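Okay, so here's the structure we're looking at.
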Amino acid sequence: MTTLEALPYHEALAAGHLLLQACGDCGALRHPPSPMCPCCQSVNVRWQRSAGAGAVHSAVTVHHTTTPAYRERTPYTVLTVALDDGVRLLAPLDFDAQAVPPIGARVALHFAPQTDGSLLPLFKTVP
């Protein structure tokens, strides 16, 4: 279920780009979206577009999933990426990747079209 605070984030993903929530007062970025800034407790919010680039912080391979969209793709790898913007984001590694990138490897978010017309955010390694 999408919360009111996260709606702009999910709408942006559906449109093929990444938005991060920022404090309207102190400017601190945060993810996942929340109703209040953890730094200054402001409830003023603005949204900032992100390039979705960063470095691999951790990786885990999923062998069993309860998510119907991923059942045919198991096993698959989920990356935690330290975005250049200063927050961490979780998303699957591109399903066509030949190997799991090492910690610190550079990756970028891209959006893969699905058969139902939706876009799936995935990380791909970059040189």
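The values are calculated or read from the model by the stated rules, or taken from the named source; none is laboratory data. Remember, predicted model here, so these are calculated numbers, not experimental data. All Cβ positions, glycine included, derive from the backbone under ideal geometry; neighbour counts span all protein chains shown. Areas reflect the complete protein model, heavy atoms only, side chains present, ligands, DNA and RNA absent. Shrake-Rupley method; radii C 1.70, N 1.55, O 1.52, S 1.80 Å.
Among the residues of region 26-54, those identified as under 23 Å from Gly104 (Cβ atoms) and surrounded by 15 or more Cβ atoms within 10 Å (Cβ to Cβ) are Leu29, His31, Ser50, Gly52, Ala53, Gly54.
For Ser118, the conditions (1) under 26 Å from Thr3 (Cα atoms); (2) open to solvent by less than 80 Å² (accessible area, probe 1.4 Å); (3) free of Cβ contacts under 8 Å to residues at least 60 places away in the same chain all hold with the exception of (3). Considering region 1-25, the residues that are farther than 24 Å from Pro113 by Cβ and open to solvent by less than 80 Å² (accessible area, probe 1.4 Å) include one that is farthest from the chain's Cα centre (by Cα), namely Gly24. Scanning region 9-27 turns up at least one residue that is free of Cβ contacts under 8 Å to residues at least 12 places away in the same chain, closer than 28 Å to Asp94 by Cβ and not in a loop (DSSP other than H, G, I, E, B). Within region 66-80, work out how many residues are surrounded by fewer than 14 Cβ atoms within 10 Å (Cβ to Cβ) and either charged (D, E, K, R) or farther than 26 Å from Ser34 by Cβ (or both). Of the residues in region 66-80, 6 are surrounded by fewer than 14 Cβ atoms within 10 Å (Cβ to Cβ) and either charged (D, E, K, R) or farther than 26 Å from Ser34 by Cβ (or both).
If you filter region 81-115 down to residues that are open to solvent by 80 Å² or more (accessible area, probe 1.4 Å) and in a strand (DSSP E or B), you find that the one that is nearest to Leu29 (Cα to Cα) is Arg88.
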